[in-house]
Structure formats: structure tokens, C-alpha cells
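Report on one structure; see the data block that follows.
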Amino acid sequence: MSPTDSPMTHIGNLSELVEIPPQGVSSKSALAADGMRVVVFAFDAGQSLSEHSAAVPLMVQVMSGAVEVAAAGDSVSLQPGGMVFLAARTPHSVRASEPSVVQLTLVGRPAPGGAPATT
């Protein structure tokens with residue numbers, strides 16, 4: 001059954017969907033349903049995603065570890081439970097200062113003819 005076939009979808013532990021790769025970054029799509037997508041990223045210490053953007057608004061939430069999110073000439077350090085919201089098409093980067101698991105939630109659909117999400 002896909003998430004859109006039921007009014008409720010349950011994932012017991014998002015962190016268990018990914019393993020932190022030695023000296024790398026991995027990701028796994030956890031949910032794609034009705035105008036939103038959830039992706040879980042795992043970063044080893046010092047690993048990063050270079051500057052990129054998404055066609056839709058997004059939230060980054062740290063589940064474990066610590067990351068720095070840089071956007072619009074500013075940066076914020078996030079610990080477990082911390083989150084940041086970014087408006088659509090805001091260039092941003094993410095860097096882990098220690099082994100980390102991060103939840104990315106993309107909200108909405110790109111405007112017709114808009115570029116697909118690249119986050």
C-alpha cells in the first residue's frame with residue numbers, strides 16, 4: 001500500500017532508514033505523499049552537501065549529531081531537535097560537524113513549468 005492509499009502512514013524510526021557511511025553522505029526517501037516529501041540524510045563528520053536549492057519550501061531537522069546550515073549569507077548550527085525553514089529556491093548548504101542524521105521535509109509541489117526539487 002502506498003502512503004497515498006491510506007489517510008495515515010507510520011514510520012517507527014526514521015533514523016533506522018539510513019546508516020552513516022564512513023567519510024560520506026547517504027540518503028533515503030522515507031515518504032512521498034500528497035504535496036510533501038521526507039528524505040533522511042546521514043552524514044559522517046566533516047561531510048557536506050554543497051550549495052543547492054529546492055523548488056519548494058523545506059525544513060531541515062537534526063535527529064542526531066550536529067550540522068551547520070548556511071543560506072542567504074547567514075548560517076545556523078543545529079543540534080538534535082533543532083530545525084530551520086527555507087523558502088523555495090533559497091540557495092543553501094549543509095555541513096556535519098559530527099556524524100549526523102537529518103530529516104529533510106519538502107512541502108508543496110513546484111509551480112507548473114518550475115524546476116524540480118534539487119535537494
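Could you tell me how many of the residues in the range 33-59 are part of a strand (DSSP E or B) and under 13 Å from the mean Cα position of the chain (by Cα)? It would help to see each step written out before you state the result.
Let us first name the residues in the range 33-59 that are part of a strand (DSSP E or B), namely 33, 36-43, 48-52, 58-59.
Checking which are under 13 Å from the mean Cα position of the chain (by Cα) leaves us with 36-43, 48-49, 52, 58-59.
Count: 13.
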(request) For residues that are loosely packed, with under 12 Cβ neighbours inside 10 Å and part of a helix (DSSP H, G or I), scanning just the range 1-17, find the one that is modelled with the highest pLDDT. (result) Glu16
(request) Taking Val40 as the residue in question, decide whether it is modelled with pLDDT of 95 or more and surrounded by 15 or more Cβ atoms within 10 Å (Cβ to Cβ). (result) yes
(request) For the range 56-71, indicate whether the set of residues that are out of contact with any strand residue (DSSP E or B) (no Cβ under 6 Å at 6 or more places or on another chain), farther than 23 Å from Asn13 by Cβ and at pLDDT 95 or above is non-empty. (result) no
(request) Identify the single condition in (1) among the hydroxyl-bearing types (Ser, Thr, Tyr); (2) touching a helix residue (DSSP H, G or I) at 6+ places or on another chain (Cβ under 7 Å); (3) modelled with pLDDT of 95 or more that Ser50 does not satisfy, given that it satisfies every other one. (result) (2)
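The values are calculated or read from the model by the stated rules, or taken from the named source; none is laboratory data. Quick caveat, the model's predicted, so the values are computed rather than measured. Here Cβ is always computed from backbone atoms with ideal geometry, including for glycine, and neighbour counts include all displayed protein chains.
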